[in-house]
Amino acid sequence: MQKIIHIDADCFFAAVEMRDRPALKNNPIAVGGDPGRRGVICTCNYHARRYGVKSAMASAHAKRLCPHLLILPPDMAKYRVVSEQMRDIFSEYTPVIEPLSLDEAFLDVSNSDCAAGSATLIAQEIRQRIERELGINVSAGASQLKFLAKIASDWQKPNGLTVIPPGEEQPFLRRLSVSKLPGVGPVMQNKLAGAGITLCEDVLNIGLNSMVFRFGAIGERIFKMSKGIEFGAVAKHSAKKSVSVESTFDHDLSSADDIKQRLPQLISRLRARLPDSRSFSSQFVKIKFSNFTQKTMESRIGASSKHFSDEGFLRLMLAAWHSQKLPARLLGVGVKMSSAHQFGQLELPFDSVKS
Ligand SMILES: [Mg+2]
């Protein structure tokens, strides 16, 4: 039987900061950019959430909601260390680990001998160890279905463990809102609602043929998930060939100047994700426009320099924008590794933050 655990740290960046400065623990804090410089909130603690502060929100807006909010600048190097320590703990239980981001991973413990092979006990133990050894809380979910493990880890956040035992998948799914399914965003949710579908139960009632007829391949996947027959395998992580970061904006960026202003923050997030020994073969950008089309552009990095340039990103980004000249809802920047680095020990999760 497949046994999957999904682990997700609670307000990760903020949790690490509170651990290092316990005096902050009972105050609303966030990690993010400077409100005076169009910064955005990356993460905030649960005190701040009570004021309506959320990740992806403009820092200036967050300050208006909660004037005494303390916004700390991100310390990516520190968070990466904690992320690696988490990974070390995971690897004591299974070699099959799929990181999704710095603070989130799937673990396949199907063949683990630890805790008598009980996914529930392994998840409990990992949670306790991370709390004791690293001083932060993580939530966990366990199920034989990969996507359900992820939904479960979110079920009793923060600091929760939810197990969906074998045989309980279908009762759990029946009452589940389709909005919880991976790949079902607000647009898809609206389309489904238009067909009278809000729960997975509704999907089953409509049936596979009708789901495929109306929604195509995604319709089939939604049906399989709703029925609990979409297992999914944990992809054992291999070295990344490229690293990229992207941001979706609350308000579309409508001018070249707007785009120019957002670029430095993206580039510094990308830098924070990259290893010290850097050697890249190309740099690329991505823009998603208000009409949901997207444009990517890439340029090779000369063998002599091996490093990307900020100007290079700006040039590519403006060229990509000029291809359509529509308001932009998402910007992304990334680099591809030189082949010499592709098989190294790079373990860099794709990082996507809404802002
Ligand atoms: Mg998290």
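The values are calculated or read from the model by the stated rules, or taken from the named source; none is laboratory data. Quantities reported herein were computed from a predicted structural model and do not represent experimental measurements. We place every Cβ from the backbone using ideal geometry, glycine too, and count neighbours over all the protein chains shown.
Taking the conditions exactly as written (away from the ligand (no atom under 15 Å from the Cβ) and buried (at least 19 other Cβ atoms within 10 Å of the Cβ)), does I164 satisfy them or not? Yes: the conditions hold for I164.
Total residues in the stretch 284-320 satisfying the condition of being hydroxyl-bearing (S, T, Y) and within 14 Å of G332 (Cβ to Cβ): the figure is 1.
The rows are residues; the columns are (1) under 30 Å from H61 (Cα atoms); (2) free of Cβ contacts under 8 Å to residues at least 60 places away in the same chain; (3) aliphatic (A, V, I, L, M); (4) crowded, with 17+ Cβ neighbours inside 10 Å.
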{"position": "G183", "(1), (2), (3), (4)": "yes, yes, no, no"}
{"position": "V203", "(1), (2), (3), (4)": "no, yes, yes, yes"}
{"position": "I229", "(1), (2), (3), (4)": "no, yes, yes, no"}
{"position": "A233", "(1), (2), (3), (4)": "no, no, yes, no"}
{"position": "H251", "(1), (2), (3), (4)": "yes, yes, no, no"}
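Please tell me if S226 is in a helix (DSSP H, G or I) and more than 19 Å from L314 (Cα to Cα). For S226, the condition - in a helix (DSSP H, G or I) and more than 19 Å from L314 (Cα to Cα) - is met.
Name the one entry in S55, S91, S112 that is touching a Ser or Thr at 6+ places or on another chain (Cβ under 6 Å), under 30 Å from G232 (Cβ atoms) and more than 16 Å from the ligand (Cβ to nearest atom).
S112
Which numbered condition in (1) in contact with a helix residue (DSSP H, G or I) (Cβ under 7 Å, 6 or more places away or on another chain); (2) at pLDDT below 70 is the only one that D310 fails? Among (1) in contact with a helix residue (DSSP H, G or I) (Cβ under 7 Å, 6 or more places away or on another chain); (2) at pLDDT below 70, the lone unmet condition for D310 is (2). Only one of the numbered conditions (1) over 22 Å from L100 (Cα atoms); (2) at pLDDT below 95; (3) crowded, with 19+ Cβ neighbours inside 10 Å is violated by F223, and that is (2). Among residues of the stretch 1-18 being within 16 Å of the ligand (Cβ to nearest atom) and part of a loop (DSSP other than H, G, I, E, B), the one that is nearest to M86 (Cα to Cα) is D10. Here the condition is being out of contact with any strand residue (DSSP E or B) (no Cβ under 9 Å at 6 or more places or on another chain), under 30 Å from R221 (Cα atoms), more than 16 Å from the ligand (Cβ to nearest atom) and touching a residue at least 40 places away in the same chain (Cβ under 8 Å); of Q144, Q170, it holds for Q170 alone.
Within the stretch 19-41, can you find the residues that are charged (D, E, K, R) and either within 14 Å of the ligand (Cβ to nearest atom) or at positive phi (or both)?
Correct list: R38 only.
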